[in-house]
Each structure stands twice: as C-alpha cells, then as structure tokens.
Amino acid sequence: MSGAVRNLGHEWLKAAYNGSVEDLKLLLAEHPELIHFRATFESLKSCTALHLCAWRNQPAAAAFLIANGADIEARDEAGLTPLQVDIMRVCMINMRPTPIVRSECRDLTCSADVRLALFKRKLVRDRSSYSQIDMSTFELLLAAQANVNTPCDVGESVLHLAVEDGLVRHVQLLLEYHADPFFSDKDGRLMLEIAAEHGYEDLVQLFMNSYPEMIKLGGPEAIRAAVCHDANAVVELLWSPVLQTLPDDEKRTQLGGELLHVAIDYNSPRCVDFLLDHDVPVDYRDSKGETALHVASRRNLPELVQSLLERHADATLCVLSNGFSVYHLVVQYYALQAIQVLAVWGVDINLLDRNQDSPLAFAVKNRYAIELLETLLRHGAHFRFQSRRSRDDVAPVLVSWIVHLASDQLPALIDRLIVSGCVQHERARRLITSLLWAGHTSEALLLVFLALFSTTSQAAQHGLVIIYEWLTPYHTNLVVPKLLHDVLRR
C-alpha cells in the first residue's frame, strides 16, 4: 500500500463514519485502492469503511461502497462482518440496564447456574420500541447478498444475535434470506431454546409455526430453559407440542416431573402451578430419590413448600439416596423458614433417617448452629436415641457445651457424680479420677457421660438431677437441658 493511501486512510474512514458520500466519491476517484483500505490503529484494527457505515447506520454511504466493490464479507479484528456489526449496533443501543454485581453472601442451597438465572431475571428488557428500529443498512447488506450464516469468532451467527435480543423483525428478515434456524450456538442451543430462555413468546411461536420439526429436535431443552427463567407463557406454548413428540406416557411423566423439580430449584412459582395444574405428579422422584417437597425445603422456599403441601405432597417420604426426611434436609441446608412452614402444617418433626437419627440428633451430631437447634426444639423436636451408639455419638458435643459454660467448676461436678455412685464401674471411676488429677477435665467428663449412658436407669436419673442442679446458676441454651433429658432418661 502506497504512502499516499496510508495518509488518506484516516480521511477515508472518517468520511464513512460520518456517512459523507461526496467525500467518499472524491477520495475514491483519486485513489481507487481505498475501497479495500483497513484501519491499522488500535481502536479500529482491520476495520473497513463498510464496517463503519454499518456501525453508524449510514445506508447511503454503505450503498456507495458496495456499488464500488467493497468486500461485504470482510472481517475486522473481532472476526465480525459488516452485517454482524450492524446487528451488534442494534443490540448495544437497546441493551438492558445491567446492575452492578456486588459482593454478597452466596446462597449455598443452590448451584451457580441457578444463581445466574435468578440474576438474569432482574435484567428486564423493554421491547416496546423495537418496531421503530431503523433497519436500512441491515436490509441493504442483505439485499447485497451478505452471508447470513457466517459465524463470528465465538461461533454465533447473525440470527443468534437477533434472537438473543428479541429482534423480531430482524429475525423474520434473516429467515427470508435463508438464515439457518437449526444452527447451534457455542453452547449447543437451538434458536428455539434461546428464545424460550428469554421468554420471547412471539419468537417461540414463529419458530414453532415455521419449523415444527424444531419441537422434536429441541423442544424439551426449550421448555426447560423457559422453566428456569419462569417464562410461564412460553411454557404454556410449548407444553402440549413437546409432550406430543414423546413416545409414551412414561416419558411424558418423566419430563413433567423433571420440569417440576427444575421449576422449584429455580424458584419459578408460576411454572410450578402450571405443571401441577397439568397433572404432573407432585411426589415424582428424581434420580437422587428426591421429591419436589425435598427440593423446595432444602432450597428454603417457604411459599413453594406451602404450595406443595396444599397440593397434598407426601411429607413423610425420605430421600432414597441418603434416607433423609424433609426435616433432615432443612437442617443440613439451614432452611429455617422451611422449618416454620413444615411445622405449621403438622409435618412430623421427629422422623428418623436411615441411621435412626431424628433431625435434632442429626443436627447435634453435626454441630449445627444453636439457633437451628432451638428452632427445632420450639416446634417439638426430640432426640429419640434408638441405641447406645446413637447416645455415644452426641457425647463429645454435650461435653463441649458444658465445658464452655464453666470449665473451672467441672472437677467439682465430676467428683460429685462419682461420689454419688452415678459411675458404677470401679475401673471407670479410677480412670476418670486419674484424668482429673492430670488436668484432663474434658476427657474425664466425656468418660462420665459414656458411663452414664451405659449404667442403670436409676443411676442415670440420679446423675441427671445432679447435672441439672449444677447447671442452675448458668445461662445455657435450650438445647443442653433437652439433650441431657433425652439422653439420660430411659
């Protein structure tokens, strides 16, 4: 490229940017090679004049460049053709206001995908003005036979970009120019799924009417995407057509059950109501053996828990994979609000898991927060120890709580328990006394409790009275007296 052309390149691109056809004519008449000039400066590297016309929506200048042989398929540094630049311009002009993502305590009851979907719901897109979008340059490029199926560097076609932003007129025009509606994006999504995810009823209806075979190819994925984003109107559109593509009732029940679990996991209450209204089994189990009520409870979604109970969900069912009751799940995920709803509905708070642990015993063994334990107690929870081993498992927790209350007064308590005959085995008494002399108070108290758990009922009751008296001056939580009562009273 000659030095003269390089020096005039800036003026050439400036004329295209401003849409000045006269300046373009003058420059091109003197230097015809400018028609293929590409920017070399950082901000517009590899950009042509036609790219700038598309970016600025300058149809007259674009028409002049095309008529004089401008490369309509030229790619800039980002791998975009002028047609793709034009659609990107429209997308950016109509971009949704995006809130700043601030640091926050993550909701550990849900996955990153769920958190992302819930965040996207805040980005409301107003498409009311889309009918007024000027498509002059876009139509010009299409009329000049721009390739509508060329993917950009990230694998998306112009049709993907138009569907993603809900540009109905652009989509219709692209389809008229034979854009491939079955072309998948980099994540493997079909156009129908992208439209469903964003809740674009008009685009979903367009694809369903124009390409009915798309329902069979990507209908289940599309309806799942709609459920994830609580696009209830799209779910209603897709429901019957998608079910008709499935071979039998078993597959239909499976899809409905899976969608119900997705709707709850993604907190999509409208979709939950729709699915249950259309005879999806409320107690359908997923691959882990969870029911919808299990999912709603561990996600701590009290409104959905109540809705499922109103629909006669069976709260006595346990998770097949681990034997947890619904209360064990809410304990594990610290779902305090779900506990309140379950208790109000009279769900048995003392259901046992496969290890024969009640929710309260499970919470103590795993050292969950006192607030959670006290919430269970207020709603009538008991420990229900079914074996000596189950008692032994909570002994270390009980010791740690009592040590925290008054560690300097523990030797006197242990001495009194031994002198009172609560520890009946001679060798155990000697070992406990030795530990006390050596300053190992916590270990000595642990052995005292293990001895009380295995002694006679009378000795255990006597020990309980002594410990209660010792606790009287101290401010303790609700859990310690209850645990002592349930573990020693037999």
Original post:
If you take just the helices (runs of 4 or more DSSP H) that sit entirely in segment 46-96, which of them hold at least 1 residues that are at pLDDT below 95?
Top reply: 49-56, 82-93
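Out of all the residues in segment 201-229, which are without any contact (Cβ under 8 Å) to a residue 40 or more places away in the chain and within 15 Å of Leu275 (Cα to Cα)? Even if it seems obvious, please write down each step before you answer.
The first filter runs over segment 201-229 and keeps only residues without any contact (Cβ under 8 Å) to a residue 40 or more places away in the chain, leaving 201-202, 204-225.
Selection gives Pro220, Ile223, Arg224, Ala225.
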Subject >> Odd one out for Ser387 among (1) loosely packed, with under 14 Cβ neighbours inside 10 Å; (2) more than 53 Å from the chain's Cα centre (by Cα) >> reply: (2)
**OP:** Take segment 55-84 and flag every residue that is aliphatic (A, V, I, L, M) and either surrounded by fewer than 23 Cβ atoms within 10 Å (Cβ to Cβ) or touching a Leu at 6+ places or on another chain (Cβ under 8 Å) (or both).
**Re:** Ala60, Ala61, Ala62, Ala63, Leu65, Ile66, Ala67, Ala70, Ile72, Ala74, Ala78, Leu83
Original post:
Within segment 452-474, how many residues are under 48 Å from the mean Cα position of the chain (by Cα) and within 17 Å of Gln424 (Cβ to Cβ)?
Top reply: 5
Subject >> Test: Val364 is modelled with pLDDT under 90 and part of a helix (DSSP H, G or I) >> reply: yes
Subject >> Selected residue (only one of Ile194, Ile215 is part of a helix (DSSP H, G or I) and in contact with a Pro (Cβ under 6 Å, 6 or more places away or on another chain)) >> reply: Ile215
Original post:
When Leu351 is evaluated against the numbered criteria (1) part of a loop (DSSP other than H, G, I, E, B); (2) farther than 18 Å from Glu374 by Cα; (3) hydrophobic (A, V, I, L, M, F, W, C), which criterion, by number, is the only one it fails?
Top reply: (2)
Original post:
Taking Val227 and the conditions (1) at pLDDT 95 or above; (2) farther than 13 Å from Ser268 by Cα; (3) not charged (D, E, K, R), which numbered condition does it fall short on, given that it satisfies the others?
Top reply: (2)
Original post:
Going through segment 381-401 one residue at a time, which ones are farther than 14 Å from His485 by Cα and not basic (Lys, Arg)?
Top reply: Gln386, Ser387, Ser390, Asp392, Asp393, Pro396, Val397, Val399, Ser400, Trp401
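Just to be sure, is Leu309 farther than 18 Å from Gln254 by Cα and at pLDDT 95 or above? Before you say what the answer is, go through the steps one by one.
On the way: farther than 18 Å from Gln254 by Cα: yes; at pLDDT 95 or above: yes.
Against the criterion (farther than 18 Å from Gln254 by Cα and at pLDDT 95 or above), Leu309 qualifies.
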Original post:
Take the residues of segment 375-409 that are assigned to a helix (DSSP H, G or I) and polar (S, T, N, Q): which is nearest to Val331 (Cα to Cα)?
Top reply: Thr375
Subject >> Selection status of Ser400, surrounded by fewer than 17 Cβ atoms within 10 Å (Cβ to Cβ), of a type outside the set (Lys, Arg) and not assigned by TED's automatic domain parsing to the domain that holds Ser307 >> reply: yes
Original post:
Restricting attention to segment 349-384, which residues are buried (at least 19 other Cβ atoms within 10 Å of the Cβ), among the hydroxyl-bearing types (Ser, Thr, Tyr) and out of contact with any His (no Cβ under 9 Å at 6 or more places or on another chain)?
Top reply: Thr375
Subject >> Residues (in contact with a helix residue (DSSP H, G or I) (Cβ under 8 Å, 6 or more places away or on another chain) and assigned to a helix (DSSP H, G or I)) located in segment 31-41 >> reply: Glu33, Leu34, Ile35
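The values are calculated or read from the model by the stated rules, or taken from the named source; none is laboratory data. Being a predicted model, the structure only gives us computed values, none of them experimental. Virtual Cβ from ideal backbone geometry, glycine too; neighbours counted across all protein chains shown.
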